[in-house]
Amino acid sequence: MEALLSKVLSDLHLEVGQQYSTFSFPASAPFLLLGGDIGRLIDYAAYRGFLESQIARYRKVFLVLGNHEFYGLDYQSRLDAARRLSEEPSLASELILLHRARWDDPDSDLTILGCTLWSDIPEESYGIVQAKVNDFKKIDQWTAQRHTAIHKEEVTWLREQVAQIEAGPAKRRILIATHHAPCVEGSARPEQVSNPWTPAFATDLVDKEGWVGVKTWVFGHTHYSAQLFRNGIRLLSNQRGYVLPGSAALKEDSTKRKQGRDFDAALAITA
């Protein structure tokens, strides 16, 4: 079966300086996977315009919702906006919203499973995480408890999907796309791993059982581009981070950038 070639980008943060209509990158593959934090759904028209410009260049665009997509209102309202976006006449035929969604490639044995994932925040970390992480200020009525509860729902959904595929009549290769990271070590800068608010960004899942058939796991959220192998699974992220038009990344200096791969606007992978 022919492998699917897809560009992978996340954490574009086009809300910074309203770059929805000005950010450009080469169309180096027939498919585009956007791993969340592309912008904010409160910027609905501008966000839609960005996606419309990508639909014109790609056969399919896959969209994972990041935490920033939910900024500006409550979780359910932003989720409703995302669903409305996926039903827009200008997008509906080519945009695949990966919110607890499965897509089977009709031309190969590849299945894509996608969700935000969120993360497992230990109860003893609720206070520091809510104080340090903007999600709990920017998403109305968002709490560490709800964050963790939805994470558990999404992990259950992923595991059920993987098990169903494994039990199916035909063997399939699985690519999982989430915004939050499925492991702590290797998904962020080494000096950040021990931060007490790290549980808001990553959860150790990939080394556990239950991922038979999963070949690739694409993630974002940590603002650290990386490629590594864990438990036989290729983990990959290609994250831009906060960038003002005409500036360097706001969050990084040149020394820190060398610790992970730089964001590559032309990166494409086979799956």
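The values are calculated or read from the model by the stated rules, or taken from the named source; none is laboratory data. On a predicted model such as this, the values are computed, not experimentally measured, just so you know. All Cβ positions, glycine included, derive from the backbone under ideal geometry; neighbour counts span all protein chains shown.
Worth pointing out:
- Residue count for the range 122-147 under the criterion of being surrounded by fewer than 17 Cβ atoms within 10 Å (Cβ to Cβ) and within 20 Å of the chain's Cα centre (by Cα): the result is 3.
- Of the numbered criteria (1) over 25 Å from ALA29 (Cβ atoms); (2) of a type in the set (Gly, Ala, Ser); (3) out of contact with any helix residue (DSSP H, G or I) (no Cβ under 8 Å at 6 or more places or on another chain); (4) at pLDDT 95 or above, the one SER194 fails is (4).
- Checklist (1) outside any loop (DSSP other than H, G, I, E, B); (2) surrounded by fewer than 20 Cβ atoms within 10 Å (Cβ to Cβ) applied to PRO199, failing item: (2)
- Residue count, the range 43-72 (criterion: on the phi > 0 side of the Ramachandran plot and touching a Pro at 6+ places or on another chain (Cβ under 7 Å)): 0
- Residue match in the range 209-220 (condition: modelled with pLDDT under 95, more than 16 Å from the chain's Cα centre (by Cα) and within 20 Å of THR111 (Cβ to Cβ)): yes
- Every residue from the range 163-194 that is part of a helix (DSSP H, G or I), closer than 22 Å to GLN239 by Cα and among the charged types (D, E, K, R): GLU191
- Selection of the range 220-247 for residues being assigned to a loop (DSSP other than H, G, I, E, B), on the phi < 0 side of the Ramachandran plot and not polar (S, T, N, Q) yields GLY220, TYR224, ARG240, TYR242, LEU244, PRO245.
- Identity of the residue in the range 205-232, charged (D, E, K, R) and surrounded by 15 or more Cβ atoms within 10 Å (Cβ to Cβ), that ends up nearest to GLN130 (Cα to Cα): ARG230
Conditions (1) within 13 Å of the chain's Cα centre (by Cα); (2) more than 18 Å from LEU12 (Cβ to Cβ); (3) free of Cβ contacts under 8 Å to residues at least 40 places away in the same chain, marked per residue:
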{"residue": "SER28", "(1), (2), (3)": "no, no, no"}
{"residue": "ILE38", "(1), (2), (3)": "yes, no, yes"}
{"residue": "ASP74", "(1), (2), (3)": "no, yes, no"}
{"residue": "SER93", "(1), (2), (3)": "no, yes, yes"}
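- Residue match in the range 30-37 (condition: at pLDDT 95 or above, of a type in the set (D, E, K, R), buried (at least 21 other Cβ atoms within 10 Å of the Cβ) and part of a loop (DSSP other than H, G, I, E, B)): yes
- Odd one out for VAL61 among (1) out of contact with any strand residue (DSSP E or B) (no Cβ under 7 Å at 6 or more places or on another chain); (2) outside any loop (DSSP other than H, G, I, E, B): (1)
- Number of the exception - ASP107 against (1) in contact (Cβ under 8 Å) with a residue 40 or more places away in the chain; (2) farther than 30 Å from GLY232 by Cβ; (3) in a loop (DSSP other than H, G, I, E, B): (2)
- The set of residues from the range 90-120 being within 17 Å of GLY66 (Cβ to Cβ) and in contact with a His (Cβ under 9 Å, 6 or more places away or on another chain) comprises GLY114, CYS115, THR116, LEU117, TRP118, SER119.
- LEU9 over 21 Å from ILE139 (Cβ atoms), modelled with pLDDT of 95 or more and under 12 Å from the mean Cα position of the chain (by Cα): yes
- Restricting PHE219, PHE201 to residues that are under 22 Å from ARG102 (Cα atoms) and of a type in the set (Phe, Trp, Tyr) narrows the list to PHE219.
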